[in-house]
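Some notes on the structure that comes next.
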Amino acid sequence: MTIGIVSVVTLAAFEAIGTATAMPVVARQLDALGAYTWAFNAYTVASLLAMVIAGLRCDSTGPRGPIIAGIAAFAGGSIVAGAATSLPMFIIGRAGQGVGSGSVIVGLYVLIARAYPETLRPKAFSALAAAWVVPSLVGPLLAGWLADSVSWRLVFWIVPILVIAPLLLLRPHLGAYQAGSPNPQARQRVMAGIVATVGLLALQDGLGRITVVGAAEGAIGLGLIVVASRALLPAGALRFARGLPTTVMMRGLIAAAYFSSEVFIPLALVEVKGVSTTFAGLALAFGAASWAVGSFVQSRFSGTTDRSRTVQIGAVAIVLAIASLPLCLLPSVPTWTVAVSWSVAALGMGLATPSISVQTMRLSPEADQGLNSSALQIVDSVLVVTGTAVVGIVYAHALTSGGVTIATYGTIWIGSALLAVAAACLAPRMRPLHG
């Protein structure tokens, strides 16, 4: 079963790294530089509702259905994205991938919680991080070569082929974990998921307009998200109550800081440093390997003890790394220093992200493992989209006001670093008062 889980995550890793590497080429060919962040945010927004439904299904019938349906949706979305001849069609494909990814990741988290004893969960979550290493080393080279020399479309079209082996490996093991009962609040949670999805769309679209109307749309979207989150997140999450509520929120803060920075690294290297798409992708490859190292380190700690200190150390590493990125773009600084900085950030993510998952499962009753797993992913999605949209305003404004400069990327990355600062300050609240 472990091999099957790792295989599924390996496929998702290849898609993520490949897309990030190829996106500068895709954006130019589809004339989508002005809406660059939509290619990433459409994926994340679409996954939100899928996470809500998958969490409910996992608690009531087990993880089998969400995982199989999610893999199918992921493959279908990849086909559409690869066939895109316009930005709207590409966004639809990315949304399909997001639906599949959201369903699969929640199912895998529940599968780990039910299949592995508490003492082994840190190692299981570490294996998820290790699954990123090979795709991250091979993915940028392959995706960069395909995008530069053959066609970026193949980056997406090879996914349906690669999905066959993971599905065959995992499917026989899924039937053993079909326990649970329907959640009496399932309908309310689904409606809240729909409201949150609409709110996230409005927030992303509004922030991208840079007008008074856009600001109003964004404010409405944010309001819808806040209202919906009360039904989707643990009680007290929005005020960072101690224990589980803060643990869930921590996932979003750290992910927003990291990924809102990462999406602009290949673009910055191509536009400012003038490197190839392949070389730009290699900076992300080193980061993924470092993430696996951090995850391995945390796997040596007990799964039954508090993880707040580990998360705090990871957040501090992310702050220092992101804050150093603008310096790496200076003409006098070698380009390879970006890879060094990003490796430090990824090391912090490797320490923090699995630790948050371990802490969440440790504090969750079995009947709520699906709901709390989906809450982790929902917070991740909402804050990543929000963070990326906000920093995307800086990029879009520069694009229409004289051109993108080193200062543009510096502003983006400092904004992302502030999110990691907040995470470092709030991490101690992950510890419940009683433990």
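Rounded, prolate or oblate: which fits region 362-435, taking a ≥ b ≥ c as square roots of the Cα gyration tensor eigenvalues, rounded meaning a/c under 1.5, else prolate when a/b beats b/c?
oblate
What does the charge add up to near Gly93, with Lys and Arg as +1, Asp and Glu as -1, over the other residues with Cβ less than 15 Å from its Cβ?
Its environment carries a net charge of +1.
Summing Lys, Arg as +1 and Asp, Glu as -1, what charge do residues with Cβ under 11 Å from the Cβ of Pro66 carry, Pro66 excluded?
Charge balance in the 11 Å sphere: +1.
With label points built 7 Å along Cα→Cβ from the Cα atoms of Asp368 and Ile79, find their separation and express it in nm.
4.1 nm
Net charge near Ala215, counting Lys/Arg +1 and Asp/Glu -1 over other residues with Cβ under 13 Å of its Cβ?
-1
Measuring from label point to label point, each 7 Å out along Cα→Cβ, what is the Ser401 to Thr119 span in nm?
5.8 nm
Convert each backbone phi in region 100-116 into a coupling constant with the Karplus relation 6.51 cos²θ - 1.76 cosθ + 1.60 (shift: θ = phi - 60°), then list the ³J(HN,Hα) values in order as whole Hz, x for Gly and Pro.
x, 5, x, 5, 5, 5, 5, x, 5, 4, 5, 4, 5, 4, 8, 8, 10
Please state the shape class of region 198-356: rounded when a/c is under 1.5, otherwise prolate if a/b exceeds b/c and oblate if not, all from the C-alpha gyration tensor.
Judged from the Cα gyration tensor, region 198-356 comes out oblate (a/c at least 1.5, b/c at or above a/b).
Normalised by the number of residues in the chain, what is the relative contact order in percent for Cα pairs under 8 Å and 6+ residues apart?
Once normalised by length, the contact order is 24 percent.
Which of the peptides 248-255, 356-363 is most tightly packed, and how do the rest follow, judged by the mean count of other Cβ atoms within 10 Å per residue?
Most protected by this proxy first, the peptides run 248-255, 356-363.
Please check which bits of region 85-119 a label hung off Ser302 would reach, taking the label as a point 7 Å along Cα-to-C-beta and the cut-off as backbone N under 16 Å.
118-119
Rounded to whole Hz and in sequence order, give me ³J(HN,Hα) for region 390-402 from the Karplus expression 6.51 cos²θ - 1.76 cosθ + 1.60, θ = phi - 60°, writing x for Gly and Pro.
5, 5, x, 4, 4, 5, 4, 5, 5, 4, 9, 10, x
Which value in deg cm²/dmol, rounded to the nearest 500, describes the helix-derived mean residue ellipticity at 222 nm for the chain, given -39,500 (n - 2.57) per DSSP H run of n ≥ 4 and division by the residue count?
-26000 deg cm²/dmol
Listing Cys328, Cys58, Cys425 from the residue with the fewest other Cβ atoms within 10 Å to the one with the most, what is the order?
Sorted ascending by nearby Cβ count, the order is Cys425, Cys328, Cys58.
Using θ = phi - 60° and the Karplus curve 6.51 cos²θ - 1.76 cosθ + 1.60, what whole-Hz ³J(HN,Hα) does each residue of region 81-92 get, with Gly and Pro shown as x?
With coefficients 6.51, -1.76 and 1.60, one gets 4, x, 8, 4, 10, 8, 4, x, 5, 5, 5, 4 Hz.
Apply the a/c threshold of 1.5 to the C-alpha gyration tensor of region 294-407 and tell me whether it is rounded, prolate or oblate.
oblate
Every number here is computed from the coordinates shown, using simple stated rules; none is lab data. Small disclaimer: the values here were computed from a predicted structure and weren't measured. Glycine also receives a Cβ, built like all others from the backbone with ideal geometry; neighbour counts cover every protein chain displayed.
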